[in-house]
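We did not get these values from a lab; they are worked out from the coordinates using the rules stated. Only a predicted model underlies this, so the values are computations on that prediction, with no experimental measurement involved. Please note: Cβ atoms are built from the backbone with ideal geometry, for glycine as well, and neighbour counts cover all protein chains shown.
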Amino acid sequence: MTDPILHTPEEERVVHGAFDYGELARLGLHPSEILDFSVNCNPYGSSPAAREAIAQVAIERYPDRECWQLRQAVLEHELAGLDLPFSSIVCGNGTSELIWTVARIFLAPGTKAVIVAPTFGEYRAASLAAGAAIIELPAEEERQFQPDLTALRFRIVQEKPGIVWLCNPNNPTGVWMEYEQLFLLANTCHSAGALLVIDESYWRFVTPPATYTALNLMQEHSGLSLLVLRSLTKDFALASLRLGYAVSSPKLIRRVRAQLPSWNVSGLAQAAGVAALRDRVHLHTTLAALTCQRQAFFAALQEAGLHMLPSRTHFCLLDVGDARFVRQELLMQRLLVRDCTSFGLSRCIRVATRSAHEWGQLLQALREVVKS
Ligand SMILES: Cc1ncc(COP(=O)(O)O)c(C=O)c1O
């Protein structure tokens, strides 16, 4: 049955990749039949230790609302060598929850949010919900989606936004901003009184590996108004459990915590997160395998004559002419890709690397669908 209620633009939900379960049901398809190239998670799955940890959780008990063990594991394994205090981290029910929380704190009617576009849709939705006006500064395809830093800094000074949202590396383009550029941007935001939020959900997928992160910036220049977001749902493949964290000054983190509901991170997510963070062998072997497949996959896409845009991550944009059509055709072949129309890129699909026999199937299908 179709939904009889008409939605106003404000009520529209953000478009994402991943399964649209209603659509699959309408098409008579089951999620287990579909190869999903539309999400950017580690395709080799989560650590077996995470599943074992979940089985041990006392589900009748409330979880630790302070996430002590989880934050300890984040400090030890994700932020090692950075010398950050425990109080500089807060955990969220996915990075998405933290995006919405930060927007609620720093934005209100009458304020502005700058978004370095095209990018992840939740920044816009969360900023709009907080009542802010949106200023989107789209990077041009002709510049291979590298943001125009001079124009961006100029607008920030001019508009004095409450928040500047930057996704680095960026979804969907895979562009990774250089350290010097980050520093300039952070300085401009600081002088303009804006909080710079840098979403590093995909930093582990940067290829060749990232030699810095925005956390270095935070450490080297402690006065900057900067908040870094990380997700554990991508590299650790825990999407269903919802798990992310934010790093900033203890003062700012206290404000974020005060705006989060108690027990926002479930006991299952905390236990799985701790176990996954400790299993470095699984993380490193799967990501090493992914790096090899990325190279082979990207080379094969180019050899097939597909128009691929440069990316520093394991996902990339393909200019296929009519993204909506290509997505539908591929879905009928049980292959799911991300139609990038919602990013303002109606010619592009986004595809993420999967294992060799899986991307081989996508390549074969793309050869037929895109040429036809
Ligand atoms: C850039 C970016 N940030 C955050 C998220 C959401 O992450 P989480 O699953 O931790 O809520 C996504 C999910 O696609 C994303 O692409």
Output the Kirkwood hydrodynamic radius of region 146-294, Cα pairs only, in Å rounded to one decimal. 16.8 Å
Give, as a single signed number, the net charge of other residues whose beta carbon lies under 13 Å from the beta carbon of residue 184, with Lys and Arg counted +1 and Asp and Glu -1. -2
Report Rg(Cα)/(2.2 N^0.38 Å) for region 282-345, keeping two decimals. 1.26
Restricting to lysines and to Cα separations under 29 Å from residue 160, and discarding same-chain partners fewer than 8 apart, the set is 112, 251
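Expressed in nm², what is the orientationally averaged projection area of the convex hull enclosing the Cα positions of region 20-135? Provide the component values of the computation, followed by the final result.
Numbers: hull surface 46.8 nm².
Averaged projected area of region 20-135's Cα convex hull equals 11.7 nm².
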Would you kindly calculate the translational diffusion coefficient of region 52-209, applying Stokes-Einstein with the Kirkwood radius from alpha carbon pairs, for 25 °C and a viscosity of 0.890 mPa s, and quote it in µm² s⁻¹ without decimals? 142 µm²/s
Please report 153, 255, 26 as a ranked list, fewest other C-beta atoms within 10 angstrom at the top and most at the bottom. 26, 255, 153
Summed side-chain charge close to residue 325 - residues other than residue 325 whose Cβ falls under 15 Å, Lys, Arg +1, Asp, Glu -1: 0
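What percent do you get for the relative contact order of the chain when only Cα pairs under 8 Å and 6+ apart count? Kindly include the intermediate steps, with their values, before the conclusion.
On the way: 668 pairs, mean separation 90.0, N = 372.
Relative contact order, the chain: 24 percent.
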Taking the Cβ of residue 272 as the center, what net charge do the other residues with Cβ under 10 Å away carry, scoring Lys and Arg +1 and Asp and Glu -1? 0
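When a footprinting reagent is the concern and you count Cβ atoms within 10 Å, what order do 160, 112 take, fewest first?
Values: 160 13, 112 19.
Going from least to most buried by this count: 160, 112.
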Using 1/(1 + (r/R0)^6) with R0 = 30 angstrom and r between the beta carbons of residue 61 and residue 288, what's the FRET efficiency to the nearest 0.05? 0.20
If one computes the Cα centroid of region 75-131 and of region 303-352, what distance in Å separates the two points? 27 Å
For region 234-372: span of alpha carbons on each principal axis (Å, largest first): 55, 35, 28
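Assuming 0.36 nm per residue, please report the length gained on full extension of the stretch residue 21 to residue 160 beyond their Cα-Cα distance.
Numbers: separation 139, 0.36 × 139 = 50.04 nm, distance 4.07 nm.
Difference between extended and current length: 46.0 nm.
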For the chain, any Cys whose C-beta has no other cysteine C-beta under 4.7 angstrom counts as unpaired, and these are 41, 167, 189, 292, 316
For region 139-147, in residue order, the Karplus 3J(HN,Hα) values (coefficients 6.51, -1.76, 1.60; θ = phi - 60°; whole Hz; Gly and Pro = x) are 6, 8, 4, 4, 9, 6, 6, 6, x
Give me the three principal axis extents of the chain from the C-alpha atoms, as integers in angstrom, largest value leading. 56, 53, 48
Relative contact order for region 144-227, counting Cα pairs under 8 Å that sit 6 or more residues apart, in percent: 34 percent
